[in-house]
Structure formats: structure tokens, C-alpha cells
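Read-outs: derived from the displayed coordinates by stated rules, not from any lab. This structure is a prediction, so every number in the text was calculated from the model and none was measured. Virtual Cβ from ideal backbone geometry, glycine too; neighbours counted across all protein chains shown.
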Amino acid sequence: MHSRYPHSEVQGEQVVCIKDQVFTESCIKWGNSWFVELSRCAFQSLEVDNTSELHENLAAMSLSICTYGNPVLREKAVEVMGVTPDLHELVKEMLETMYAEKGVGLAAEQVGRKERLFIIDIPAELDLDENEVRENPAIEMPIVFINPKITAHSETIQTGPEGCLSFPGIYANVERWYEVDAEYIDLQGMPKTLHAKGLLARAIQHELDHLDGVLFVDRMSSVKKVTLKSKLKRLTKQTKKAL
Ligand SMILES: [Zn+2]
């Protein structure tokens with residue numbers, strides 16, 4: 001899932017160094033508000049002399065995102081049999097990629113892998129209900145979901161804008177359950193359960209769909225799909241050309 005700030009505009013971006021850690025500082029306009037986002041990422045060990053060198057390093061470290069039209073996005077992911085060092089490495093690289101792309105969720109399929117695994121990091125400022133109250137205050141981010149399942153859900157539905165890193169620049173309203181219970185294995189190999197609401201519940205449903213080869217275009221209204229038809233066609237063409 002998800003551009004972190006759907007319908008936002010990045011007005012300026014610079015690389016800053018704070019207490020020996022490297023961040024990308026973006027000045028973002030979202031609705032009528034302006035704010036500055038510091039992207040949290042695991043690049044602090046990089047020693048760089050200038051911004052362009054840093055950007056080259058970031059590009060080299062990040063996995064590339066498979067976009068709509070890449071057949072891997074329609075495949076079914078395969079159960080993870082054990083939490084290996086390779087899996088730790090994959091998760092580390094997926095987190096770097098997700099933060100670099102300003103996403104809040106990423107499934108292994110989106111970086112061309114088959115593991116039944118996704119990651120989510122919802123920032124506190126987006127984890128709010130309509131009264132600005134935190135939806136999931138006790139849940140620590142990021143969360144690594146290995147072999148995840150939804151075991152229960154509310155009858156209540158939420159309708160809201162969704163995006164996807166595999167569909168750059170494309171957003172649409174999608175209906176999702178408002179609350180879900182999920183079970184999964186964490187990166188230490190421990191079985192976990194979780195009760196999620198709001199955007200976190202939405203992200204879990206979105207990412208779990210990826211593992212079954214289902215995409216958010218399959219969940220949007222047919223009217224919306226018609227309005228996005230030419231954008232989707234263009235994206236598929238670009239993807240196929242790059243494969
Ligand atoms: Zn997605």
C-alpha cells in the first residue's frame with residue numbers, strides 16, 4: 001500500500017543530517033496544511049560527501065518496485081517455511097525501499113519475491129480516527145507479517161482513498177472492513193495476533209490481497225475503473241516495456 005500522503009504535493013526535498021543520521025526532509029502540502037516530513041530510514045551508516053552521492057547509494061540499496069502489468073503481481077505467494085538470515089535481509093531491504101518510496105506498506109510480491117510476507121509502518125499522525133484519536137496506540141511499528149491470515153473482521157465497513165506503490169500516482173476509494181484480527185509469524189519466528197482498526201486494518205487487507213495476487217484495482221468501483229482506464233493502460237505499457 002499506499003503513498004503515505006495521498007493527494008499530497010511534495011514542494012521541496014533535501015537531505016539533512018541530524019545527530020549523524022541521514023534523513024530526507026520533504027516539505028509537503030496536504031490539503032490546506034503544510035508540514036515537514038523526515039523520512040526515517042536505515043541509511044545512517046552511509047558516509048557521503050554530497051547529496052547526489054547519497055541518492056546514488058539509496059538507489060543502489062533499494063529494491064525496485066514491480067508496477068502494474070508485471071505478471072508477478074498476479075501470482076500467489078508461497079508460505080514461508082522458516083525465518084532465515086536471507087529473510088531478515090529481504091525485510092531490511094523492503095523496509096528501506098518502502099521508506100524511500102514513502103509508502104506505508106509493501107508486500108514481497110511488489111519487489112518480485114514469492115514469500116508470503118509483507119511489512120507495514122503507519123506513522124502516528126495517520127493512525128487517527130475522525131475525532132483525531134489514535135486508532136492503534138499500543139501497536140509498535142514497523143510490523144513484519146509472515147504467513148499472515150485474517151481470522152475475524154467487523155461488519156462495519158470503511159470507505160477511503162487508497163494508493164499502492166505498484167500504481168504510482170493512482171488513487172481510488174476502496175471499501176474495507178473497519179477492524180480485523182490477524183495472526184502471523186514475526187521476524188523472530190514467534191506466532192503473533194493483532195487487533196487492528198482504521199488505516200492499519202485497511203493496510204493489512206490491502207497487503208494480504210497482494211499475497212493472493214489481488215490488486216486494489218480489483219476492489220474499486222467499476223465507474224472509477226473506467227475513469228482510470230487510460231492511466232492503467234499507460235502504466236501497463238510502461239511496465240511491459242521495462243520488463
Ligand atoms: Zn499495494
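Here are the numbers for this structure:
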read-out	value
5 angstrom amide H check on Glu162, placed H, neighbours 5+ away	Ala172, Asn173, Val174
Pairwise label distance in nanometres, Leu126 with Ala138, each label 7 Å out on the Cα-Cβ vector	2.4
Rh by Kirkwood over Cα pairs, then Stokes-Einstein D for the range 132-243 at 0.890 mPa s and 25 °C, µm²/s	157
Too-long pairs where the Cα-Cα distance tops 24 Å, listed order kept, from Lys76/Lys240; Lys102/Lys231; Lys114/Lys149; Lys149/Lys233	Lys149/Lys233
Phe216, Phe118 arranged by Cβ crowding within 10 Å, fewest neighbours leading	Phe216, Phe118
Burial ordering of Ile122, Ile65, fewest other beta-carbon atoms within 10 Å first	Ile65, Ile122
Two-site label geometry, Val223 and Thr84: point separation in nm, points 7 Å out along Cα→Cβ	5.0
Packing-based exposure ordering (other Cβ within 10 Å, fewest first) of Glu79, Glu109	Glu79, Glu109
Separation of alpha-carbon centers, the range 122-153 and the range 91-111, rounded to whole Å	17
